[in-house]
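Asks: Dropping a structure here in structure tokens format, bear with me for questions.
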Amino acid sequence: MGLFRRRSLKSFLRRIFGKKQAKIGIYGPPNVGKTTLANRILQDWTGEQMGSVSEVPHETRMAAWENDVKIENNGSSLYMDIVDTPGISTKVDFKEFINKFKMDKDEAKQRAKEATEGVIESIRSLDDVDGILLVMDSTRDPFTQVNVTILGNLEARNLPVLIAANKIDQKTSSPATLKAAFPQHPVVPISALTGYNSDDLYSHMITHFGKKKSRKKRR
């Protein structure tokens, strides 16, 4: 099965008749809450779930699409196709799965292999999305190599980026640090786990992704 599912007739007709619809990718490093956020969005608007969640990094190792998701806020709405992507890492070491998560060697190597393939898939899928919901852990230092690399790639592609500063339900959370670190992009503090401030996130998504933005042509 290919990465992207064929669009439904309903989705096609929406585009023909001019309703706002966008392909939105949920991106970020491993274990920042991407799938938790995808599940939150779907639970709020469709009653479904996108995927399973684990404390072990790279639980999501293949991109998953959900088509025809409609969100609403204050009389405005946005139709979306959402993709939950594997976590992007600069390095995947099978030894981490052995030492930290007590996997046997074969299982750890297989997971590392699939995780690496997932990173590649995430980067390739950037060619097929209209906007990025970039999830960052607000309890961590924002200036990580992964965060800076991801943002640099997205900005080079001229993709609209909305940063979800996740895990604000935790005591060590500091969404203000994320806002100060990346002032060029809107930052919305949320808790994907509890749903706190999700209405504000949906309002920003409708405003930010509902506009048609031109992308720079790649050479």
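All of the numbers you see were taken from the coordinates with simple rules; none came from a lab. Source: prediction; values computed, not measured. Every residue, glycine as well, gets a Cβ built from its backbone with ideal geometry; the counts of neighbours run over all protein chains shown.
Asks: Among LYS70/LYS179; LYS105/LYS167; LYS91/LYS167, which pairs are too far apart, with a Cα-Cα distance over 30 Å?
Replies: Pairs exceeding the cut-off: LYS105/LYS167.
Asks: Additional query: In Å and from the alpha-carbon atoms only, list the Rg and Dmax of the stretch 122-190.
Replies: In order Rg, Dmax, the Cα atoms of the stretch 122-190 give 12.0, 37 Å.
Asks: From the phi of every residue in the stretch 126-137, what ³J(HN,Hα) in whole Hz does the Karplus formula 6.51 cos²θ - 1.76 cosθ + 1.60 yield, where θ is phi - 60° and glycine or proline is x?
Replies: Along the stretch 126-137, the couplings run 4, 6, 10, 10, 9, x, 10, 9, 8, 8, 10, 7 Hz.
Asks: If each Cα of the stretch 74-219 is one equal point scatterer, what is log10 of I(q)/I(0) from the Debye formula at q = 0.17 Å⁻¹?
Replies: -1.10
Asks: Could I ask something else about it? Each residue of the stretch 206-211 in order: what ³J(HN,Hα) in whole Hz does its phi give by Karplus 6.51 cos²θ - 1.76 cosθ + 1.60, θ = phi - 60°, with x for Gly and Pro?
Replies: Result, ordered by residue: 5, 5, 7, 9, x, 8 Hz.
Asks: Per residue of the stretch 170-183, in order, report the coupling 6.51 cos²θ - 1.76 cosθ + 1.60 (Karplus, θ = phi - 60°) as ³J(HN,Hα) in whole Hz, putting x for Gly and Pro.
Replies: Using θ = phi - 60°, the values come out as 8, 4, 8, 5, 9, x, 4, 5, 5, 4, 5, 6, 10, x Hz.
Asks: Could you sort 28-34, 179-185 so that the peptide with the highest average Cβ count within 10 Å comes first and the rest follow in order?
Replies: In descending order of packing, they fall as 28-34, 179-185.
Asks: Mean separation of Cα pairs under 8 Å and 6+ residues apart, divided by the residue count of the stretch 64-219: what relative contact order is that in percent?
Replies: Here the relative contact order equals 21 percent.
Asks: Sort 128-137, 196-205, 153-162 for me by packing, meaning the mean count of neighbouring Cβ atoms within 10 Å per residue, highest on top.
Replies: Highest-to-lowest ranking by the protection proxy: 128-137, 196-205, 153-162.
Asks: Also: Can you tell me which of 164-171, 138-145 comes out highest on packing, and rank the rest after it, using the mean Cβ neighbours within 10 Å?
Replies: 164-171, 138-145
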